[in-house]
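For reference, the structure discussed in these notes is given below.
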Protein chains: 2
Amino acid sequence: MASQVLVAANRGPLSYALSDDRTLSARRGGGGLVSGLSAALAEQPGALWICAALSDADREAVRRDVSEPGVRMLDIDPTMYDDAYNGIANSVLWFTHHHLYDVPREPVFDAEFRRRWASYVAYNEAFTRALAEEAAQGARVLVQDYHLALVPGQLRQLRPDLRIAHFTHTPWASREFLDMLPEDVRSQLVWGMLGADVVGFHTWMWAANFASGATIEDERGIAQASFPKDGRCGVDHRRSAGDGRYGVKRVTSVDVFALGVDADELRALAHRPEVDAKLAELRAEVAGRRTIARVDRTELSKNILRGLLAYRELLAVHPEWRGEVVHLASAYPSRQDLKVYRDYTAAVSELAAEINAEFGTKDWQPVLVSVKDDFARSLAVYRMADVALVNPVRDGMNLVAKEIPVVSEAGCAVVLSTGAGAYEELREDALTVNPYDVSATAEALHAALSMPAAERAERTKRLAAAATALPPAAWFTAQLAALEA
Amino acid sequence: MASQVLVAANRGPLSYALSDDRTLSARRGGGGLVSGLSAALAEQPGALWICAALSDADREAVRRDVSEPGVRMLDIDPTMYDDAYNGIANSVLWFTHHHLYDVPREPVFDAEFRRRWASYVAYNEAFTRALAEEAAQGARVLVQDYHLALVPGQLRQLRPDLRIAHFTHTPWASREFLDMLPEDVRSQLVWGMLGADVVGFHTWMWAANFASGATIEDERGIAQASFPKDGRCGVDHRRSAGDGRYGVKRVTSVDVFALGVDADELRALAHRPEVDAKLAELRAEVAGRRTIARVDRTELSKNILRGLLAYRELLAVHPEWRGEVVHLASAYPSRQDLKVYRDYTAAVSELAAEINAEFGTKDWQPVLVSVKDDFARSLAVYRMADVALVNPVRDGMNLVAKEIPVVSEAGCAVVLSTGAGAYEELREDALTVNPYDVSATAEALHAALSMPAAERAERTKRLAAAATALPPAAWFTAQLAALEA
């Protein structure tokens, strides 16, 4: 019999709502990954998903001992949670892995950081304790993402019998940025990850960064990236026993599981009546013009500003496109509690307005910015776009680049950044650009708009094939298989 | 007979002034490197220093054919010069090599960048043409710094008979930052440098970054870092002949010449009467308290803000120092034509004022910021400081860290960033810190203030010995010798 499977992730597959009469109701979350994972997990007898309670209703459910089968929520102190989740995971680790710092001023590792880091450690420990309690002998544990980077190391100490995998959905920082962290924090992070038997990433770029950063020698032990005979990448490590001697050598495999799209599910979603309605609206709006589309959270890593600058340069350098193209920029607000995100969001609106003022005419608005997070509208954009602009400075995978070719109706030329994880699989049929090179991006947009329809359709077909190579369920199964190896 | 020596540098050893009656007079520049280089160059028969005319008076001198022996100034169009010097060298190359970008917004490589880059190419060509005209058969050419990175490659084409060295006074960008440049610009930069027989850096950190970034394969040719048998680092390269074939293999040596201090000259400067007077003033001002000193341009790379944050944390965490220590922060304005520098300068003043408001008393002002570029005062600070804070995020060498131990009277504990080039030579006797780790910097300041006087004096003696190992004249001679090898 296969061993038990446990998933640990900050966000769970469901959330609770509290009605006026204080009745609790559970709601399953959407999104390709969560639904794919839930489905795959449901096939595993005795499987358990451990997650944090994210709202007052979730915490109330934990206190009332309400639960759904296969899910355990952890009631974590809200202040500690905020310090760990916002103060460390999303402000420090996210910025480090995506290289987002304004280096002369950030990061600052001071006493306040130390306080938050202690919360991050404790938040990871809460997951570790729950996993140690719940896991059957020899169970397989899949730990998700940078929020829980310390769990593998902590869990290894408590439960050496378990098989542990960790998957990082973001990029992994280059050595240059990882080394900005205080030495002991970097050491905890690396040794936390090395507690896993397998650490997984979306691409070899991030896997290689991890292996390079995990080549380390400090009081916790000694670790060295290795490339064994079968060509698989790994890190050999020996923990220090504290008396100048080292424990037994262990190996953490470093592997790539490039998350893809579930084509059937996505196409079904993209052809619901509400999407058809949005599509009709959009078609009326653009009035037969070509469209360049982008769909992103307004996230610093998504590079929306340089995308707009490239579009402006396109209109300046290739005036033949004036009046002939519309840039549909879905850029819905994100993390507006942080000033740097509010400033960025404002800068996006200002620049779009500038472009409209500079080039717009009575009949033509060059940029249409949509700030509403409207999945149906996004799917309609996917179906109709002539060109997709996916130009992040750095992005773990970027599923938009994979989703668009799958639902595109007449074919869509994808302008794709070398900094997107998806670059590794899609580079041959996308038009690839250095995300800092606005002029090259403008030229790629011109080439994309100029691409013959037949070539565009051919490329889109191949892009869709690459994008659907490893849908969520298969992605999950591949990681379970790697844990057996 | 030894071959002719030529130096090419943006700034020359002298400048001209134009009096009211339009008479030109020449003035020799100060500064350890320029005077050291001038002296060494004077010993070489037929030596020539080629530099840009930097002012209207300089340009007037060129037009009137006025010149000093051994110096040739180039009259470069002021607009082109501004694009090359400010627009590229100091805004793009400086930021790239020092990792100073606010990555979500900068750099932006657009049409305006392309225009400026063309000026940078032309400005390099102006130096190349002058060198090609002036150099005797088989002459040795020493090209200085990031302003002139393309000269070696250009000159190699015109004058294959010359021996060419290039020295970079800044760090060299990590691959991560170098790869932000547009591909063809990065290629021009790397191949420009590879025109040299020897490329020199202040430390192995920067040399290794160069070798890694110069491992390249593109339309210009193929290059690969190599570590030959004698342990010296180099780059093997073959230029593409354009027909699918490659030219003959050439090797560029990558070497380290760690510029040091001329002890005699510096001590003489530090004991002039005007410095004694400043010292008496400063002693009265600090009234017997301990001093933590820093002396920097207000440059984004110098990390003055995190230095102040560390000082604040020191006062918060170790209240025993309140009233007992004064932070003498010389931070004189620089590049105030750029908004990001004006903002940074303002932020330094604001933070210093905050600290003074938070901890200051009737009798004690915790931080004294000096914004005047006053070399005599800086030398007085060097002589009296108990602790030197040298915490740049990234710095080619940082001569302040080397100068202070040489003139310190009672010994000075040096808190030194791992990002300073000087770290490689001074690490054993300095207190070294991660420049992003404000808490660790605060603890290092505490340790430095607490260091017994005898230990401080001993360490200072060893720091001074390391700092004076390769004074400017010897540094220059070592590069000439490397060109003979």
> So residue A:251 fits all but one of (1) within 30 Å of residue A:477 (Cβ to Cβ); (2) modelled with pLDDT of 95 or more; (3) assigned to a strand (DSSP E or B); what number is the exception?
Replying inline: (2)
> For the range A:341-384, which residues satisfy the criterion of being touching a helix residue (DSSP H, G or I) at 6+ places or on another chain (Cβ under 9 Å) and either outside any helix (DSSP H, G or I) or more than 18 Å from residue A:295 (Cα to Cα) (or both)?
Replying inline: A:354, A:355, A:358, A:359, A:365, A:366, A:367, A:368, A:369, A:370, A:371, A:374
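Considering only residues that are open to solvent by less than 20 Å² (accessible area, probe 1.4 Å) and without any contact (Cβ under 8 Å) to a residue 60 or more places away in the chain, look in the range A:365-382 and name the one that is nearest to residue A:331 (Cα to Cα).
Here is the first cut: in the range A:365-382, the residues open to solvent by less than 20 Å² (accessible area, probe 1.4 Å) are A:366-367, A:370, A:376, A:378-382.
Then drop every residue that is not without any contact (Cβ under 8 Å) to a residue 60 or more places away in the chain, which leaves A:366-367, A:370.
Numbers: A:366: 16, A:367: 12, A:370: 6 Å.
Checking each candidate, the answer is A:370.
Please determine whether any residue of the range B:67-81 is within 12 Å of chain A (Cβ to nearest Cβ) and either among the aliphatic types (A, V, I, L, M) or surrounded by 15 or more Cβ atoms within 10 Å (Cβ to Cβ) (or both).
Keep residues of the range B:67-81 that are within 12 Å of chain A (Cβ to nearest Cβ), which gives none.
No, the conditions are met nowhere in the range B:67-81.
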>> Out of everything in the range B:189-223 that is within 14 Å of chain A (Cβ to nearest Cβ) and buried (at least 22 other Cβ atoms within 10 Å of the Cβ), what residue ends up being nearest to residue B:425 (Cα to Cα)?
In response: B:206
>> Exactly one condition in (1) free of Cβ contacts under 8 Å to residues at least 60 places away in the same chain; (2) outside any helix (DSSP H, G or I) is false for residue B:193; which is it?
In response: (2)
> Residues in the range A:117-130: is at least one surrounded by fewer than 16 Cβ atoms within 10 Å (Cβ to Cβ) and within 14 Å of another protein chain (Cβ to nearest Cβ)?
Replying inline: yes
> How many residues does the range B:1-55 hold that are of a type outside the set (Ser, Thr, Tyr) and in a loop (DSSP other than H, G, I, E, B)?
Replying inline: 21
>> Which numbered condition in (1) closer than 23 Å to residue B:450 by Cα; (2) among the acidic types (Asp, Glu); (3) without any contact (Cβ under 8 Å) to a residue 60 or more places away in the chain is the only one that residue B:299 fails?
In response: (1)
>> Would you confirm, using the coordinates I've provided, whether residue B:448 is small (Gly, Ala, Ser), part of a helix (DSSP H, G or I) and closer than 19 Å to residue B:308 by Cα?
In response: yes
>> Exactly one of these conditions fails for residue B:148: (1) in contact (Cβ under 8 Å) with a residue 12 or more places away in the chain; (2) within 14 Å of chain A (Cβ to nearest Cβ); (3) buried (at least 22 other Cβ atoms within 10 Å of the Cβ). Give me its number.
In response: (2)
> Does residue A:312 satisfy the condition of being of a type in the set (D, E, K, R), within 29 Å of the chain's Cα centre (by Cα) and away from chain B (no Cβ under 14 Å)?
Replying inline: no
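Would you be able to say whether some residue in the range A:280-297 is under 26 Å from residue A:372 (Cβ atoms), within 14 Å of chain B (Cβ to nearest Cβ) and either outside any helix (DSSP H, G or I) or at pLDDT 95 or above (or both)? Please lay out each step first, then the result.
Taking the range A:280-297 and keeping what is under 26 Å from residue A:372 (Cβ atoms), we get A:280-297.
Now drop any that are not within 14 Å of chain B (Cβ to nearest Cβ), which leaves A:296-297.
Subsequent filtering for residues that are either outside any helix (DSSP H, G or I) or at pLDDT 95 or above (or both) retains A:296-297.
There is at least one residue in the range A:280-297 that is under 26 Å from residue A:372 (Cβ atoms), within 14 Å of chain B (Cβ to nearest Cβ) and either outside any helix (DSSP H, G or I) or at pLDDT 95 or above (or both).
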> Is it the case that residue A:401 is buried (at least 20 other Cβ atoms within 10 Å of the Cβ), in contact with a helix residue (DSSP H, G or I) (Cβ under 9 Å, 6 or more places away or on another chain) and assigned to a helix (DSSP H, G or I)?
Replying inline: yes
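I want to confirm something. Restricting to the range A:304-326 and keeping residues that are open to solvent by less than 10 Å² (accessible area, probe 1.4 Å) and outside any helix (DSSP H, G or I), which single residue is farthest from residue A:365 (Cα to Cα)? Break it down into steps so the answer makes sense when it comes.
Here is the first cut: in the range A:304-326, the ones open to solvent by less than 10 Å² (accessible area, probe 1.4 Å) are A:304, A:306-308, A:310-311, A:314-315, A:325-326.
Still in the running and outside any helix (DSSP H, G or I): A:325-326.
Working: A:325: 9, A:326: 7 Å.
Here the residue is A:325.
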>> Filter the range B:162-179 down to the residues that are within 10 Å of another protein chain (Cβ to nearest Cβ), crowded, with 20+ Cβ neighbours inside 10 Å and not in a helix (DSSP H, G or I) and list them by number.
In response: B:173, B:174
> Does residue B:301 qualify as being within 14 Å of another protein chain (Cβ to nearest Cβ), part of a loop (DSSP other than H, G, I, E, B) and within 23 Å of the chain's Cα centre (by Cα)?
Replying inline: no
> Quick one: what pairs do we get from the range B:102-116, first residue touching a residue at least 12 places away in the same chain (Cβ under 8 Å) and more than 7 Å from every other protein chain (Cβ to nearest Cβ), second buried (at least 18 other Cβ atoms within 10 Å of the Cβ) and outside any strand (DSSP E or B), C-beta under 6 Å, 6+ apart or different chains?
Replying inline: B:116/B:83; B:116/B:87; B:116/B:88
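Per-residue answers, yes or no, for (1) in contact with a helix residue (DSSP H, G or I) (Cβ under 9 Å, 6 or more places away or on another chain); (2) within 21 Å of residue B:291 (Cβ to Cβ):
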site	(1), (2)
B:427	no, no
B:436	yes, no
B:441	yes, yes
B:445	yes, yes
B:450	no, yes
B:456	yes, yes
B:461	yes, yes
B:464	yes, yes
>> Can you tell me how many residues within the range A:428-445 are in contact with a Pro (Cβ under 8 Å, 6 or more places away or on another chain) and either assigned to a helix (DSSP H, G or I) or among the acidic types (Asp, Glu) (or both)?
In response: 4
> For residue A:276, are the conditions met, namely being away from every other protein chain (no Cβ under 14 Å) and in contact with a strand residue (DSSP E or B) (Cβ under 8 Å, 6 or more places away or on another chain)?
Replying inline: no
>> Looking at A:215, A:203 in this structure, which one is within 25 Å of residue A:478 (Cβ to Cβ) and among the polar types (S, T, N, Q)?
In response: A:203
>> It is to be established whether one or more residues within the range B:337-356 are away from every other protein chain (no Cβ under 14 Å), at pLDDT below 95, under 27 Å from residue B:172 (Cβ atoms) and surrounded by fewer than 21 Cβ atoms within 10 Å (Cβ to Cβ).
In response: yes
> Of everything in the range B:84-109 that's open to solvent by 40 Å² or more (accessible area, probe 1.4 Å) and outside any helix (DSSP H, G or I), which residue is nearest to residue B:303 (Cα to Cα)?
Replying inline: B:102
>> What's the number of the only condition in (1) of a type outside the set (Phe, Trp, Tyr); (2) open to solvent by 20 Å² or more (accessible area, probe 1.4 Å); (3) under 27 Å from the mean Cα position of the chain (by Cα); (4) within 30 Å of residue A:105 (Cβ to Cβ) that residue B:334 fails to meet?
In response: (2)
> Which residues, taken from the range B:414-467, are away from every other protein chain (no Cβ under 13 Å), open to solvent by less than 40 Å² (accessible area, probe 1.4 Å) and among the polar types (S, T, N, Q)?
Replying inline: B:460
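The values are calculated or read from the model by the stated rules, or taken from the named source; none is laboratory data. Since we're looking at a predicted model, the values are computed, not measured. So basically every Cβ, Gly included, is an ideal-geometry build from the backbone, and we count neighbours across all protein chains shown. To get the accessible areas, we keep the full protein, side chains included, count just its heavy atoms, and leave off ligands, DNA and RNA. Shrake-Rupley method; radii C 1.70, N 1.55, O 1.52, S 1.80 Å.
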